[in-house]
Each structure stands twice: as structure tokens, then as C-alpha cells.
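The values are calculated or read from the model by the stated rules, or taken from the named source; none is laboratory data. On a predicted model such as this, the values are computed, not experimentally measured, just so you know. Here the Cβ positions follow ideal geometry from the backbone for every residue, glycine too, while neighbour counts run over all protein chains shown.
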Amino acid sequence: MQHLLEGETDWPANPANASALLLMQMEDINWAGFYIWKKEQVKQNIDWGEI
């Protein structure tokens, strides 16, 4: 994962790439993602999943 995230300056790309990697590497899951919280509100949901 370090090589995947290293040098990336577009902050939404890092959790999106991490989600995609987790989804590809873990068996028996259909969703991986992150919720970005700011001031007690969900501001962004970054995830990958199967349809």
C-alpha cells in the first residue's frame, strides 16, 4: 500500500486507491471505503464495491 499512496498529492485519490486495494485483496467482502468526517458531519464517502 505504501507504494500505491506514495507521492500522490490529490487527497481523495489516497482513500479511493486504498479502498480498491482492500477490496481486491480481501475475500468475502463486497464493499471497502472511508467516510470523511468534518465538524461532526459526513462530508464525503469514498468507496469501491461490487454491484
Exercise. In region 1-22, which residues are of a type outside the set (A, V, I, L, M, F, W, C) and either surrounded by 11 or more Cβ atoms within 10 Å (Cβ to Cβ) or under 10 Å from the mean Cα position of the chain (by Cα) (or both)?
Worked result: Glu8, Pro12, Asn14, Pro15, Asn17, Ser19
Problem set entry | Selection count where residues are loosely packed, with under 10 Cβ neighbours inside 10 Å and either small (Gly, Ala, Ser) or within 19 Å of Ala13 (Cα to Cα) (or both), scope region 23-49 | 4
Seminar exercise, completed: The condition from (1) out of contact with any Ser or Thr (no Cβ under 8 Å at 6 or more places or on another chain); (2) at pLDDT 85 or above that Ala32 misses is numbered (1)
Problem set entry | Every residue from the chain that is of a type outside the set (Val, Ile, Thr) and touching a Gly at 6+ places or on another chain (Cβ under 8 Å) | Pro15, Ser19, Leu23, Asn30, Trp31, Ala32, Gly33, Asn45, Asp47, Trp48, Gly49
Exercise. Would you pick out the residues in region 1-27 that are in a helix (DSSP H, G or I) and of a type in the set (A, V, I, L, M)?
Worked result: Leu4, Leu5, Ala13, Ala16, Ala18, Ala20, Leu21, Leu22, Leu23, Met24
Seminar exercise, completed: Screening Leu22, Leu4 for residues that are modelled with pLDDT of 85 or more and hydrophobic (A, V, I, L, M, F, W, C) leaves only Leu22
